[in-house]
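Note sheet for the following structure.
The values are calculated or read from the model by the stated rules, or taken from the named source; none is laboratory data. What you see is a predicted model, and the numbers here were worked out from it, not measured in a lab. Positions of Cβ are backbone-derived with ideal geometry, glycine not excepted, and every protein chain shown enters the neighbour counts. To get the accessible areas, we keep the full protein, side chains included, count just its heavy atoms, and leave off ligands, DNA and RNA. Shrake-Rupley method; radii C 1.70, N 1.55, O 1.52, S 1.80 Å.
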Amino acid sequence: MSSVAEKLARKSSKRPPAKQVRLRLVYIDFWSAVKLSFLVAVCLAVVSIVATFLIWTVLNSTDVFDKLNELVKDVAGTGGDLSSVLSLGNVMGFAVVASLLNLVVTTALGAILAVLYNLSVKITGGILVGFTNN
């Protein structure tokens, strides 16, 4: 017959401890960083263009532009038509241009950061990252 301790050991549902692995990140592929930063920049551009359109629509439907135009006329005495400057075409054109510039800058920054990290690895040895298999 087996002992009580052996029976309890067999019935134990406790999993063995997870194996932990420590890896060092010593290289970031340049083109992977460029592609990823470009993808992030495209997502940011789409979000900013949609957000600009939604904000303009809310401000236009609540007559904020008309009230702002009246305020400028009251303060300045005379004034131009502010609604022509803040038309949907002008605002969306500015949003598209700003998003394209942001796309270029974000992609370039991703590439520069990958190169700088790869150069700094020679000095620091990289980043130590721990992984486990659950």
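Starting from 0.36 nm per residue, how many nanometres of slack lie between residue 60 and residue 123 once their C-alpha separation is accounted for? List each step's numbers first, then the result.
On the way: separation 63, 0.36 × 63 = 22.68 nm, distance 5.50 nm.
So the chain would gain 17.2 nm between residue 60 and residue 123.
Expressed as a whole percentage, what fraction of the accessible surface of the range 82-134 belongs to carbon and sulfur atoms when a 1.4 Å probe is rolled over the protein heavy atoms? Each step should come with its number before you reach the end.
On the way: 2700 of 3470 Å².
That fraction is 78 percent.
Given a Förster distance of 25 angstrom, what is the FRET efficiency for residue 101 paired with residue 133, based on the Cβ-Cβ distance and rounded to 0.05?
On the way: r = 44 Å, r/R0 = 1.75.
Rounded to the nearest 0.05, the efficiency is 0.05.
How high is the relative contact order of the chain, in percent, counting Cα pairs under 8 Å that sit 6 or more residues apart? Write down the numbers at each step before the final one.
Working: 103 pairs, mean separation 71.8, N = 134.
Relative contact order of the chain: 54 percent.
Kindly state, to the nearest 0.05, the FRET efficiency for residue 71 paired with residue 46, given R0 = 30 Å and r defined as their beta-carbon distance. Walk me through the numbers before you get to the answer.
On the way: r = 33 Å, r/R0 = 1.10.
E between residue 71 and residue 46, to the nearest 0.05, is 0.35.
Mind giving me the nanometre distance, one decimal, between the label points for residue 23 and residue 108, set 7 Å out from Cα along Cα→Cβ?
3.3 nm
Along the charge dipole of the chain, Cβ charges K/R +1 and D/E -1, which of 52, 130, 92 sits furthest on the positive end?
130
Rg and Dmax of the range 43-134, using alpha carbons, in Å: what are they?
Both quantities, over Cα of the range 43-134: 22.8, 71 Å.
Tell me, what HN-Hα J-couplings in whole Hz come from the Karplus equation 6.51 cos²θ - 1.76 cosθ + 1.60 at θ = phi - 60° for each residue of the range 31-45, using x for Gly and Pro?
5, 5, 5, 5, 5, 5, 5, 5, 5, 5, 5, 5, 4, 5, 5
Mind checking the dipole of the chain: about its Cα centre, +1 per Lys or Arg Cβ, -1 per Asp or Glu Cβ, Debye to the nearest 20? Write down the numbers at each step before the final one.
Values: 12 positive and 7 negative charges, 354 e Å.
Its charge dipole is roughly 1700 debye.
Can you work out ³J(HN,Hα) from phi for every residue in the range 61-77, in order, using Karplus 6.51 cos²θ - 1.76 cosθ + 1.60 and θ = phi - 60°, giving whole Hz and x for Gly and Pro?
The phi angles translate into 6, 9, 6, 5, 5, 5, 5, 5, 5, 5, 5, 5, 5, 5, 6, 8, x Hz.
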